[in-house]
Amino acid sequence: MNTDDYKQVVRSHEIPDGFIKVTDRPIGTLTSEQKVTLNRKGNVLFNEGKLDEARRIFITTGYSDGLTRVGDAYGKKNESLTALKYYVLANNARRAEPLYEKLADIVSVMLHA
């Protein structure tokens with residue numbers, strides 16, 4: 001199963017707390033200048049450790065680098081599923097693939113137990 005297949009499976013199910021956002025499209029009415037301003041604010045918030053506030057901005061603007069850094073922060077906290085969410089939103093297959101493999105290994109162990 002490739003990345004797009006996983007996204008489709010996850011998006012087709014209602015998962016509590018929005019495991020995977022239904023759409024990864026940023027708000028289309030933002031101008032480039034607004035996005036730059038918001039992303040700068042998001043970076044400041046992220047650097048101040050205000051992950052939730054930064055996350056909201058990066059989702060709004062669709063800033064993939066910011067979303068990847070949010071995913072990395074959750075990964076460091078051993079919150080792999082939350083990290084995966086942000087890697088998928090960032091369209092960062094390089095970071096998402098190892099987590100898909102980890103999940104597949106866990107499911108495999110469970111099925112063979």
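The values are calculated or read from the model by the stated rules, or taken from the named source; none is laboratory data. Computed from a predicted model, the values in this text were never measured in an experiment. Neighbour counts are summed over all protein chains in view; Cβ atoms, including those assigned to glycine, are modelled from backbone coordinates with ideal geometry. Surface accessibility is based on the protein's heavy atoms, side chains included, excluding ligands, DNA and RNA. Shrake-Rupley method; radii C 1.70, N 1.55, O 1.52, S 1.80 Å.
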Once phi for every residue in the range 108-113 is put through the Karplus expression 6.51 cos²θ - 1.76 cosθ + 1.60 (θ = phi - 60°), the whole-Hz ³J(HN,Hα) values, with Gly and Pro written as x, are 4, 4, 5, 5, 8, 7
Sorted by accessible surface (1.4 Å probe, heavy atoms of the protein chains only), largest first, 109, 36 come out as 109, 36
Cα-only Rg/Rh for the range 18-113 with Kirkwood Rh rounds to 1.06
Expressed in nanometres to one decimal, the distance between label points 7 Å along Cα→Cβ at residue 53 and residue 103 is 3.1 nm
